[in-house]
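Input: a single structure, listed below in structure tokens.
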Amino acid sequence: MTGAPVTGDEDGDPLTNDTLGGDALGDEAFVLVANRLPVDEVTAGNGGGGANATVTSPDGRVWRRSPGGLVSALYPLLAGRSQATWVGWTGAPGPAPEPFELAGFGGDGESTGRPGIRIQPVPLSEQEFDEYYEGYANATIWPLYHDAVQTPVHDRQWAAANRAVNRRFAEAVDRVSPRGAMVWVHDYQLQLVPAMLRERRPDLRIGFFLHIPFPPVELFMQLPQRLEVMKGLLGADLVGFQTPRGAQNFLHLAQQLLGLRRRGQWVQADDRWVRAEAFPISIDVDEMQRLVALPSVRTRAGEIRDELGNPKVVILGVDRLDYTKGIGQRLRAYRELLNEGRVSTPDTVFVQVATPSRERVEHYGELREDVEREVGHINGEFGRVGIPAVHYLRQSYSREELAALYLAADVMAVTPLRDGMNLVAKEYVAARGDLRGALVLSEFAGAARELKHAYMCNPHDIDSIKDALVRAVEDDPQSVAKRMTAMRRQLRRHDVRRWAADFLTALRMTEAGPDASNGKGANGRGTNGRRAAADDSDHQESGAA
């Protein structure tokens, strides 16, 4: 993939809140609920510098806004509202700080002077961290929902801890939610919260979004708490998924496991209608484009290529060190390509960034050893003195350094065995306004439904990964540019603000229920408790599990 640069970019202007149809939140108070708060504590070890300004909680602890995708997604909608609260955990076991306000910040991290978001911390003990977070959430639910690529562990004590922590979150939301508020619960750790909250506060409009895949019926049925989890999710008015397949899996389970009536994308739970729909998450395209336009980032991208020996082709992988990401399969594919002579060093260099993750969990420690062993084999066989075939970086990087890596890479390899979406793929596309990068993408990433012009592969098939990498490396610049243009156009039309606005607009519209077209309201706060219309079971949709 060499040749003269291709100039030009995609058509269309970036979407803004105005072009999305105004304020998706309406006039309601808004409460967002997630396992993690949108802040990180500033300590002597991690410093207080960087773009994000800091705030001090009443107990004297110092916090700064996190750089995470969920924060970027919802800040434009929340900041500046007089009644916006974020409920979550600080990320560290122990007592929670007193509630405080996180001031409104712009994309550059500077204060806008607008009202901020009320931060409502929820505490976790060390034992709850072990049993609820590392146990039930990440050793039971996480592997099960990712096609059981690692065998899930089922432990009744973990399930009890999960129940207790979810109840604590629901109680916290109850305390901070004004009557009639809109509540948005996020992700797999808090699947019981909607029903627990509904029981306490039937006046609330509740949405839930699952960021990871929702499994097929036959896998979900293995979960000992399957009834509890399904009933928990059905406490929401709207349940959102990354893909239509996830929504269909959920609707099938509601019918088969609970015997609920269904009408299209709706199921009847007691006297309410619950809607299940796909809302594929995206990224803050504008933020990534601001980053790659910084002179410091562009200079750093050139320095990275110099440090790598100015190879003809740089292949990049950026992942959490997680068994779902397919890092081992990707490395084996690269080793076979080197062995077959289809790529060679030093002309081609592979850079693998593996962010440390959940290393106290046994499976993750084993994965780290396997990956590092494979890197050693490749470098021992194909590297030279001072010129490794694989640069393996097991560390976290700033947003600026990641942007520089994206600019330096000719090929981005995103090959998870299973992934709800994978925002790294979208970040790479957003970064490549020069249209020179090639994206190799797993068919089993949710992003594959949108980024259809990537070089697709089956990550369970080493030969498929190899062929996709070679196509990406050898394709002519005009073809690469055409593919990138199409993906960038899709991404700009469906950025993170569009995702948030689409979900919240749909949540507001659940009030009308499935009979909105003929005027039969179902879920209005004023009519909550009214009997829902009878199901037309002859018109239920079918979908693959």
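The values are calculated or read from the model by the stated rules, or taken from the named source; none is laboratory data. Remember, it's a predicted structure, so these values are computed and weren't measured experimentally. Cβ: placed from backbone, ideal geometry, glycine included. Neighbour counts: every protein chain shown. Quick note on the areas: whole protein, heavy atoms, side chains included, nothing else; ligands and nucleic acids left out. Shrake-Rupley method; radii C 1.70, N 1.55, O 1.52, S 1.80 Å.
Output the residue which, of all residues in region 472-507 that are outside any helix (DSSP H, G or I) and under 19 Å from Val313 (Cα atoms), is least open to solvent (accessible area, probe 1.4 Å). Filtering first and then ranking leaves Asp475.
Where helices (runs of 4 or more DSSP H) fall entirely within region 321-440, those with at least 2 residues that are of a type outside the set (Asp, Glu) and surrounded by fewer than 22 Cβ atoms within 10 Å (Cβ to Cβ) are at 327-340, 362-382, 399-408. Out of Val229, Val185, which single residue is touching a residue at least 12 places away in the same chain (Cβ under 8 Å), among the β-branched types (Val, Ile, Thr) and either closer than 30 Å to Arg492 by Cα or touching a strand residue (DSSP E or B) at 6+ places or on another chain (Cβ under 8 Å) (or both)? After ruling out the rest, the residue left standing is Val185.
Could you grab me the full set of residues in region 441-471 that are open to solvent by less than 10 Å² (accessible area, probe 1.4 Å), under 18 Å from Tyr323 (Cα atoms) and in a helix (DSSP H, G or I)? Those that are open to solvent by less than 10 Å² (accessible area, probe 1.4 Å), under 18 Å from Tyr323 (Cα atoms) and in a helix (DSSP H, G or I): Gly446, Ile465.
Within the bounds of region 299-313, is there any residue that is hydroxyl-bearing (Ser, Thr, Tyr), free of Cβ contacts under 8 Å to residues at least 60 places away in the same chain and out of contact with any Leu (no Cβ under 6 Å at 6 or more places or on another chain)? The answer is yes, given that some residue of region 299-313 is hydroxyl-bearing (Ser, Thr, Tyr), free of Cβ contacts under 8 Å to residues at least 60 places away in the same chain and out of contact with any Leu (no Cβ under 6 Å at 6 or more places or on another chain). For region 286-313, a residue qualifies if it is outside any helix (DSSP H, G or I) and of a type in the set (D, E, K, R), and exactly one does: Lys312. Figure legend. Inter-residue proximity from region 279-298: first residues within 21 Å of Asp502 (Cα to Cα), second residues charged (D, E, K, R) and open to solvent by 10 Å² or more (accessible area, probe 1.4 Å), beta-carbon distance below 7 Å, spacing 6+ or different chains. Indicated pairs: Phe279/Asp502; Pro280/Arg449; Pro280/Glu450; Ser282/Arg498; Ile283/Glu427; Val285/Arg492.
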